[in-house]
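Novice: Here it is: the structure, laid out below.
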Amino acid sequence: MANSHVVRFELNGVPREVSIRANRRLIDLLRDDLGLTGTKEGCSVGVCGACSVLVDGQVMSACLLPAVCVEGARVTTIEGLAPDEEHLTALQDAFIRFGGFQCGICTPGQIIAATALLQENPHPTSDEVKHWMMGNLCRCTGYYKIVESILAAAEAGPQPVPREAVGVR
Ligand code: FES
Ligand code: FES
């Protein structure tokens, strides 16, 4: 492919090698080329947080990041958070139990950002949660349920939760 670059990186724990044009964004690679549509695109300008992914553990906006920039990096999307098909992360479980979403468009980004928060600060206060999550907008929930979900996950601890416990198949 003309003007394309080979990019090698780790995606959700699996080594990947792709050939991609320099003007393609990470979200294009994830959604259009690799079929990982869990990562959402909202504003496309780095404001809403819907496209949040983890790159080497840091929250990044996939709508702004050129895909070639993940060369050698470890990328985690919402699809890669749960340890296996039988379990959810404590955050995923808590968002379901505590109603941390309505339409769900912002939810993958919310959970990705909250994952980074709990990795850095396993027991945040409500104010710390609100401050950390400022970059993730939601037009549905009013935010209370999102904060409540994150605090509940922190309280529960990092161990995965069986999917069947919340009725997810
Ligand atoms: S779609 Fe990337 S920040 Fe809004
Ligand atoms: S749940 Fe609808 S935008 Fe957040």
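Novice: Please report the spacing between the Cα centers of the stretch 14-39 and the stretch 118-169 in Å, no decimals.
Specialist: 27
Novice: Next question, about the same structure. Mind giving me the FRET efficiency for E86 and D32? R0 is 41 Å, r the Cβ-Cβ distance, nearest 0.05 is fine.
Specialist: Step by step, r from the Cβ atoms, then E = 0.90.
Novice: Separate question: Between E79 and H5, what is the label-point separation in nm under the 7 Å Cα-to-beta-carbon projection?
Specialist: So the two model labels end up 2.3 nm from each other.
Novice: Under a 1.4 Å probe, what is the accessible area of the stretch 4-80 per residue, stated in Å²?
Specialist: That works out to 46 Å² per residue.
Novice: I'd like the carbon and sulfur percentage of the solvent accessible area for the chain, probe radius 1.4 Å, heavy atoms only, ligands and nucleic acids excluded.
Specialist: Solvent-exposed carbon and sulfur of the chain make up 52 percent of the total.
Novice: How tilted is helix 107-120 with respect to the longest principal axis of the chain? Cα atoms for both, answer in degrees (0 to 90, nearest 10).
Specialist: Taking the Cα atoms of the chain, the angle to 107-120 is about 80 degrees.
Novice: Run the 1.4 Å probe and let me know the accessible area of T89, rounded to the nearest 10 Å².
Specialist: My reading of the accessible area for T89 is about 30 Å².
Novice: Taking 0.36 nm per residue of separation and subtracting the Cα-Cα distance, what length does fully extending E128 through Q159 add?
Specialist: 9.0 nm
Novice: Moving on to the next point. Tell me the accessible surface of H5 in square angstrom (1.4 angstrom probe, heavy atoms of protein chains only), to the nearest ten.
Specialist: Number for this one is 90 Å².
Novice: So how tilted is helix 144-156 from the main axis of the chain? Cα-based, degrees 0 to 90, rounded to 10.
Specialist: With rounding to tens, the tilt is 80 degrees.
Novice: Kindly sort L117, L64 by accessible area of their heavy atoms, largest first, with the probe set to 1.4 Å. Before the final figure, lay out the partial values.
Specialist: On the way: L117 5, L64 100 Å².
Per-residue accessible area, sorted high to low, gives L64, L117.
Novice: Rank these residues by their accessible area, most exposed first, probe 1.4 Å: K40, K145.
Specialist: K145, K40
Novice: For C69 and S19 in the same chain, what is the full-extension length gain: residue separation times 0.36 nm, less their Cα-Cα distance, in nm?
Specialist: Full-extension gain reported as 16.7 nm.
Novice: With all protein chains present and a 1.4 Å probe, how do V161, V45 order by accessible area, largest first?
Specialist: Highest to lowest solvent-accessible surface, that is V45, V161.
The values are calculated or read from the model by the stated rules, or taken from the named source; none is laboratory data. Since we're looking at a predicted model, the values are computed, not measured. All Cβ positions, even for glycine, are placed from backbone atoms using ideal geometry, and neighbour counts span all protein chains on display. All accessible areas refer to the heavy atoms of the entire protein, side chains included, with ligands and DNA or RNA removed. Shrake-Rupley method; radii C 1.70, N 1.55, O 1.52, S 1.80 Å.
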